[in-house]
2 protein chains.
Amino acid sequence: MNTTPAARAGYRTLDTGSLGSWLAALPAVRERLGGAPERWTVREVGDGNLNLVFLVDGPGDSICVKQALPYLRVAGPSWPMTLERAYYEQSYYAAVAPHVGAAIPRVFHYDPERYAIVMECLTPHVILRRGLIAGHRYANVGRDIGDYVARAGFFTSDLAEPFERKFDRIARFAGNTDLVRISVDLIFTDPYREHPRNRHTRPHLDCDVATLRGDAAAKAAAAELGRRFLGETQALIHGDLHSGSIMVTDADTRVIDPEFAFYGPLGFDLGAFLGNLVLAWCAQPGLASRAGERDAYRDWILEQAKAFWTVFHDRFLALWRNEGHGDAWPAAMFREAGDGAALETVRRQYLEALFADMLGYAACKMIRRVVGFAHVADLDGIADPALRARCERSALGIATHWLKRRQEYRSIEDTLAALPEISAR
Amino acid sequence: MNTTPAARAGYRTLDTGSLGSWLAALPAVRERLGGAPERWTVREVGDGNLNLVFLVDGPGDSICVKQALPYLRVAGPSWPMTLERAYYEQSYYAAVAPHVGAAIPRVFHYDPERYAIVMECLTPHVILRRGLIAGHRYANVGRDIGDYVARAGFFTSDLAEPFERKFDRIARFAGNTDLVRISVDLIFTDPYREHPRNRHTRPHLDCDVATLRGDAAAKAAAAELGRRFLGETQALIHGDLHSGSIMVTDADTRVIDPEFAFYGPLGFDLGAFLGNLVLAWCAQPGLASRAGERDAYRDWILEQAKAFWTVFHDRFLALWRNEGHGDAWPAAMFREAGDGAALETVRRQYLEALFADMLGYAACKMIRRVVGFAHVADLDGIADPALRARCERSALGIATHWLKRRQEYRSIEDTLAALPEISAR
């Protein structure tokens, strides 16, 4: 595999045999694991598409090692992938760590030759998507992710700090083009045209897909969101904040896998989470073992969506009011009588625009999961194709509606209340 | 001067004595100048604030050498300035040269140790601002700058090329923070608050300035434009495209001095040129030697403003239709029946937004020249303070009107036709 274009001199894939001796040479890691390296146990547990993941248990603690592979794991060496994404992942963690506290794993070490990150082992956490498929409830997840996006977004924006620091990070993450290219193609382009990578539930959705690809207004709306994805440096965004990038327990919520990070519109992260909650909501009828079994759980999902936006909104606003020391709407300019009211109007409009962005990007993320290359287990796990297609059709209906009419919504309550009617069309 | 923070090892200011031997060691430059170096004549002609400028005449040709100084020349060593701006200037020239042809000077050599650019000598060109003050007409200047901004803007945007190339340039120009900081402070912040660097015609404009600084809506509009200045990467912009950065003859138009270049909103360049034409228009009554003497010339200035926007609009639209190969609104997505009409709607809206941006940024540029730190010779050259204040007040009135009501205008004709009435308020 070292013959792929992405491979680098000195790069070797780690394995369970050699991992211990490498970790033993890192004093802080060795101390954390505790005891003699011979007593450590190493397991490879990666089930993602892009990486090797090892869990190492020592007498003192456990740690996790994530190593980038030079190709898309699910596709094999025919789809090369830059190793540098490990660099961007740990750069993102480092950038947001001062602001989001324990909402990300602690990073203990980054190895630029191995493209490997040594970090906190999250246990007994599970991937949120699996929990949503299983119908489990995590009381704080909406609130926690709302708080997370508010903090990570606010503190990396022009609202919080001098632009010089933002420009420095923009330059660093501007190198993450291989991963951003995946988003550009798979989210904003391919789903809206014929492409061999696309797939959908056939023949049930053939007509829906043809309608979407002939809907010039929907395509123009998606393309406008795609243009802004590449043309706005509002905040450092995670870039892939779906329910598969979140690990949960009943009491804890963690954000992982930020290798798609770059400076873009904050609504993209907001929309990723909301869109994947709504995908889960659409999938529930297909996951129920009897009619109505998941009805209350669907309501719970929408409660989480509401908590997510509400907490994001309130937290972001509070941070802006109290810690708005950046170059955007500089405080020094707004110290006359009447300026406070004008600033509050600015803040309201800013958050209204973020709300519309959230719905628009949620729509893009939902559509690509139904008609594009990479689908989600929530829907793909529905074995009966006719039932799956009904769930997917409701997701497409909501997404297309949001793409074209997102500006009409002003509150999360009204937006969510309209979903049953829209999805039944 | 090498003790200032910006100074670098190996940096020496050039002088007329040493310049020839340095140039003689550059084969292409030596060949261009022709003859023996002893026959070359060297003159220092810089009258800007930031640089040393030498003209060198040889038997074959003349060349110009521009060297960055480590401080703001007009202020002296107390205001240090990064030498790196020479790097950004030549980087901008290199980036737009394939697209704008002879509208910029040819660059023959860049010396990264001396922070010096060896380039084409523009003769018999004069600075456009001086021509406007003198009441000279340059038949093509509006058309030429409209064409220039369309080409430089389009070809560095996501409309023209894959985002990877744009991101690469974004990263390069993201280092130009010292110059961008000047714009942020002097254009978007200081004019709207009390600051020791500010000045205005006293006491005549005291009341106008107090009104502006108490106008929360105008300040919020200026701050919103300032936020977008730092948060949109629409195109590689010149960053200082006023009438002092343009050299003209009756037949030729050249753009110079792009050291403020970075990725920002294209409306900033459009507004810089329009705003400085309107400043010249406001100044004409103060420059006339008898009442009415400059009336026809004022009409000519507005004709240039109209030609500028019209040519920009038509050129930009034609480029988009014919060379829109970028990631924004990707062509591959719009090949169904009806897509052409949708794309034309997108293009119309895009250009309408650019028009509003142009008026907004023009307003910001006009206001800072009347109440901020750096003024323009068009107005400063009016000796009688009462007369000057009347001209400046008309500029402030137009600018404040545009700041708050720019969205109401749809055509350049209506916008310009309204100026006499607005400026008389």
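Here, each number is a calculation from the coordinates, and none is a lab measurement. In this text, all values refer to a predicted model and were calculated from it rather than measured experimentally. No Cβ is skipped: glycine too gets one built from the backbone with ideal geometry, and neighbour counts run over all protein chains shown.
Some notes on this structure:
- Total formal charge among the other residues, if their Cβ is under 14 angstrom from that of A:Ala25, Lys/Arg +1 and Asp/Glu -1: 0
- Among A:Tyr71, A:Tyr148, A:Tyr92: highest mean-square fluctuation, GNM of chain A, C-alpha pairs under 10 Å: A:Tyr71
- Using just its DSSP H runs of length 4 or more, each adding -39500 (n - 2.57), chain A gives a mean residue ellipticity at 222 nm of -16500 deg cm²/dmol after division by all residues.
- About its Cα centre, the protein assembly as shown has a charge dipole of approximately 200 debye under the convention of +1 per Lys or Arg Cβ and -1 per Asp or Glu Cβ, with nothing else charged.
- Across the options A:His204, A:Gly135, A:Val278, the greatest Cα extent toward the positive end of the charge dipole of the stretch A:126-423 (unit charges at beta carbon of Lys, Arg, Asp, Glu) belongs to A:His204.
- Residue of B:Ala86, B:Ala356, B:Ala95 that the Gaussian network model of chain B assigns the largest fluctuation, springs spanning Cα pairs under 10 Å: B:Ala95
- Distance from the stretch B:362-404 to the stretch B:258-280 (C-alpha centre basis), Å: 16
- Residue-averaged beta-carbon neighbours from other chains (10 angstrom radius) around B:211-217: 4
- Charges were assigned to the Cβ only: +1 to each Lys and Arg, -1 to each Asp and Glu. The resulting dipole of the stretch B:126-423 about its Cα centre is roughly 620 debye.
- Ranked for footprinting exposure by Cβ neighbours inside 10 Å, fewest first, A:Trp329, A:Trp40, B:Trp22 give B:Trp22, A:Trp40, A:Trp329.
- When chain A is treated as a Gaussian network with alpha carbon springs shorter than 10 Å, the biggest mean-square fluctuation among A:His195, A:His109, A:His125 belongs to A:His195.
- Neighbour counts of other Cβ atoms within 10 Å put A:Met119, A:Met366 in the fewest-to-most order A:Met119, A:Met366.
- In the protein assembly as shown, a dipole from Cβ-located charges (positive for Lys and Arg, negative for Asp and Glu) runs towards its positive end, and of B:Gly226, B:His238, B:Gly175 it is B:Gly226 whose Cα lies farthest in that direction.
- Rounded Å value of the spacing that divides the Cα centres of the stretch A:7-65 and the stretch A:110-137: 15
- Per the Debye formula on identical point scatterers at the alpha carbon atoms of the protein assembly as shown, with no solvent, log10 I(q)/I(0) at q = 0.04, 0.08, 0.11 Å⁻¹ is -0.20, -0.79, -1.31.
- The stretch B:83-163: GluC sites (Glu not before Pro) in DSSP loop, at most 12 other beta carbons within 10 Å: B:Glu113
- Total formal charge among the other residues, if their Cβ is under 12 angstrom from that of B:Asp57, Lys/Arg +1 and Asp/Glu -1: +2
- For peptide B:159-165, the mean count of partner chain Cβ atoms within 10 Å of a residue's Cβ comes to 3.
- Close amide H pairs (under 5 Å, H built 1.01 Å from N) link A:His109 with A:Val118, residues at least 5 positions away or on another chain.
- Kyte-Doolittle mean at least 1.0, axial Cα span of 18 Å or more - DSSP H helices of chain A: A:266-287
- Per-residue mean of C-beta atoms belonging to partner chains within 10 Å, peptide B:335-342: 4
- Listed from fewest to most Cβ neighbours within 10 Å, the set A:Leu159, B:Leu351 follows the order B:Leu351, A:Leu159.
- Relative contact order (percent, whole number), chain A, Cα cutoff 8 Å, 6+ residue spacing: 17
- Distance to the A-onto-B rotation axis is smallest for one chain A Cβ; residue and value in angstrom are A:Ala171, 2.
- Three-way shape call for the stretch B:40-151 based on the alpha-carbon gyration tensor, with the a/c threshold at 1.5: rounded
- Summing Lys and Arg as +1 and Asp and Glu as -1 over all other residues whose Cβ lies under 14 Å from the Cβ of B:Ala383 gives a net charge of -2.
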